[in-house]
1. Does Gly46 fit the bill of being over 17 Å from Tyr127 (Cα atoms), within 13 Å of the chain's Cα centre (by Cα) and either free of Cβ contacts under 8 Å to residues at least 24 places away in the same chain or open to solvent by 50 Å² or more (accessible area, probe 1.4 Å) (or both)?
2. Look at the stretch 8-34 and say how many of its residues are part of a loop (DSSP other than H, G, I, E, B) and either surrounded by 15 or more Cβ atoms within 10 Å (Cβ to Cβ) or among the aliphatic types (A, V, I, L, M) (or both).
3. Looking for whichever is more than 16 Å from Phe101 (Cα to Cα) and in contact with a strand residue (DSSP E or B) (Cβ under 8 Å, 6 or more places away or on another chain) here; the options are Thr36, Thr81, Thr2. Which one fits?
4. Can you tell me which residue is surrounded by the most Cβ atoms within 10 Å (Cβ to Cβ) among those in the stretch 106-126 that are in a strand (DSSP E or B) and of a type in the set (A, V, I, L, M)?
5. If you check Gly85, Gly44, which single one turns out to be part of a strand (DSSP E or B) and on the phi > 0 side of the Ramachandran plot?
6. Do the conditions hold for Ala94, that is, is it assigned to a loop (DSSP other than H, G, I, E, B), out of contact with any helix residue (DSSP H, G or I) (no Cβ under 9 Å at 6 or more places or on another chain), among the aliphatic types (A, V, I, L, M) and open to solvent by 70 Å² or more (accessible area, probe 1.4 Å)?
7. Kindly establish whether Gly103 is part of a loop (DSSP other than H, G, I, E, B) and modelled with pLDDT of 95 or more.
8. Looking only at the stretch 72-91, count how many residues are closer than 14 Å to Leu116 by Cα and open to solvent by less than 30 Å² (accessible area, probe 1.4 Å).
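The values are calculated or read from the model by the stated rules, or taken from the named source; none is laboratory data. None of the values given here were measured: they were computed from a predicted structure. Every residue, glycine as well, gets a Cβ built from its backbone with ideal geometry; the counts of neighbours run over all protein chains shown. For accessibility, only protein heavy atoms count, side chains too; no ligands or nucleic acids. Shrake-Rupley method; radii C 1.70, N 1.55, O 1.52, S 1.80 Å.
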Amino acid sequence: WTAQIGGPTWSATGTVTVSRLSNNFIGLGGSGYAGTTPYSLVLGIGNATGPGTHSFNLAACGDGSSLVIGGTTGGWGTAFTGGSGSVTITLLTANRVVGIFSGIAVPGSGGATGNLTIASGRFDITY
């Protein structure tokens, strides 16, 4: 599970958490570094029934999909006002999810400042 966060590449290290609920909601969680900056990412995908694109724009009738990023100074999210982006599932089986994501996460908590641009996000997780 990788993405570029503000330029440097972030990669999940250690255990990646996956939750797949009976209401077709998938949650992915992982921690790692973008360069020397630590971040934890939580990616939620609503109405995940198969391949398709899910908007992070909750205000425009999104399906609850969002990306939340926690750092040592605070948190950012795509679901906050001004956030944007999407996640596309390219493969979904009973025990595997593959896709891409990108977006803009805006400050939402703590001392977080400035938007974070998330680009080239990819995941291929068997659970």
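1. Yes, satisfied.
2. 2
3. Only one candidate qualifies: Thr81.
4. Applying the first criterion (in a strand (DSSP E or B)) to the stretch 106-126 yields 106-110, 116-126.
Remaining after also requiring of a type in the set (A, V, I, L, M): 106, 116, 118-119, 125.
Numbers: Val106: 18, Leu116: 21, Ile118: 25, Ala119: 15, Ile125: 17.
So the residue we want is Ile118.
5. Gly85
6. Spelling it out, Ala94 is indeed assigned to a loop (DSSP other than H, G, I, E, B), out of contact with any helix residue (DSSP H, G or I) (no Cβ under 9 Å at 6 or more places or on another chain), among the aliphatic types (A, V, I, L, M) and open to solvent by 70 Å² or more (accessible area, probe 1.4 Å).
7. No; evaluated as a whole, the condition is false for this residue.
8. The total comes to 7.
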